[in-house]
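The values are calculated or read from the model by the stated rules, or taken from the named source; none is laboratory data. In this text, all values refer to a predicted model and were calculated from it rather than measured experimentally. Using ideal geometry, Cβ is built from the backbone for each residue, glycine included, and neighbour counts are taken over all protein chains shown. The accessibility values were calculated without ligands, DNA or RNA, using every heavy atom of the protein model including side chains. Shrake-Rupley method; radii C 1.70, N 1.55, O 1.52, S 1.80 Å.
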Amino acid sequence: MASRATQLRILQAALGLFNEYGTAAISASRISERCGISKGNLQYHFRNRQEIVRAVFEQIIAEMDAGWYQDHLASTLDHMAEMFVRQLRLIQKYRFFYREMAHLLGQDPLLRKRYADNKERRLREIGLFMLELQRSGLMRLPADPERLRSIIDVTWIISENWLNYVSYEDRQVTVVAMLDGYGEILEVLRPYICVDPHQTTVQSHRTIERLAQQFSIPPPAEVAASTA
């Protein structure tokens, strides 16, 4: 138990440092100082920074496994908006990984394989969710599996990279920025949604505004007032 507790302390400290400074700037000594343990103790648990990054990614997978594989049992467009916010919340928590993903995966074949396997599991689950939306009469999807996979891929690319895009644009993660990201997904899906598109947008926006408090960001009116 003590050993596991120490590992969690190391991972928590590493996550905070990686998010703030990036992985390249953080040494084992700096992580051990943040934890209040010796460098030797840290290296007993993790031989190098690469192993720490892998372990952090396992935490990402564990969070997904804890509740992300029942989405097809809640086949509503409102839940789809919840899924988008949930993914943004995860990306914000582990933002160093998503910010440095290309480099981290390129440097570590084991991590790259683990990421690819997990991504494929997620895309299959999203596919099941969309098929359930179709069975509920909310969507009419292409019969061609390759076209359907392309739609799923595009929505994944948008959601996984939206916070990076916001950062590149020198924008803050606000409710408005989140609504903009989800608006892009709705544009991709609009030809296949069978219900009133305006009502879908309005309801999705309400859901995202309600859940946005988990990011500790102001609602749209407050953002507008602060920039006026």
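So which of I126, I157 ends up being open to solvent by less than 40 Å² (accessible area, probe 1.4 Å), within 21 Å of I193 (Cβ to Cβ), not in a loop (DSSP other than H, G, I, E, B) and not charged (D, E, K, R)?
Exactly one of I126, I157 is open to solvent by less than 40 Å² (accessible area, probe 1.4 Å), within 21 Å of I193 (Cβ to Cβ), not in a loop (DSSP other than H, G, I, E, B) and not charged (D, E, K, R), namely I126.
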* Asked: Do you know which of the residues in the stretch 188-211 that are free of Cβ contacts under 8 Å to residues at least 24 places away in the same chain and closer than 19 Å to I157 by Cβ is least open to solvent (accessible area, probe 1.4 Å)?
  -> R190
* Asked: Just checking, how many residues over the stretch 6-27 are in contact with a helix residue (DSSP H, G or I) (Cβ under 6 Å, 6 or more places away or on another chain) and aromatic (F, W, Y)?
  -> 1
* Based on what the data block shows, is Y69 modelled with pLDDT under 95, in a helix (DSSP H, G or I) and out of contact with any strand residue (DSSP E or B) (no Cβ under 8 Å at 6 or more places or on another chain)? -> no
* Can you name the condition, by its number, that M80 falls short on among (1) over 17 Å from M130 (Cα atoms); (2) modelled with pLDDT of 95 or more; (3) hydrophobic (A, V, I, L, M, F, W, C)? -> (1)
* Structure fact -> Note on the stretch 95-123: residues farther than 29 Å from P145 by Cα, surrounded by fewer than 18 Cβ atoms within 10 Å (Cβ to Cβ) and either in contact (Cβ under 8 Å) with a residue 60 or more places away in the chain or among the β-branched types (V, I, T) (or both) are E100
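So that you can scan it fast, the table gives a plain yes or no per residue for (1) assigned to a loop (DSSP other than H, G, I, E, B); (2) modelled with pLDDT under 95; (3) of a type in the set (D, E, K, R):
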site: L163; (1), (2), (3): no, no, no
site: V166; (1), (2), (3): no, no, no
site: R171; (1), (2), (3): yes, yes, yes
site: V176; (1), (2), (3): no, yes, no
site: G181; (1), (2), (3): no, no, no
site: L186; (1), (2), (3): no, no, no
site: T201; (1), (2), (3): no, yes, no
site: A212; (1), (2), (3): no, yes, no
site: A221; (1), (2), (3): no, yes, no
* **Candidates G16, G40, G22, G36 - the one that is surrounded by fewer than 17 Cβ atoms within 10 Å (Cβ to Cβ), closer than 23 Å to L90 by Cβ and either touching a residue at least 60 places away in the same chain (Cβ under 8 Å) or more than 25 Å from the chain's Cα centre (by Cα) (or both)** => G22
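Residue by residue, here is whether (1) closer than 19 Å to L90 by Cβ; (2) in contact with a Pro (Cβ under 8 Å, 6 or more places away or on another chain) holds:
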{"position": "E146", "(1), (2)": "no, no"}
{"position": "S159", "(1), (2)": "yes, no"}
{"position": "Y168", "(1), (2)": "no, no"}
{"position": "V175", "(1), (2)": "yes, yes"}
{"position": "G181", "(1), (2)": "yes, no"}
{"position": "Y192", "(1), (2)": "no, yes"}
{"position": "V195", "(1), (2)": "no, no"}
{"position": "H198", "(1), (2)": "no, no"}
{"position": "R210", "(1), (2)": "yes, no"}
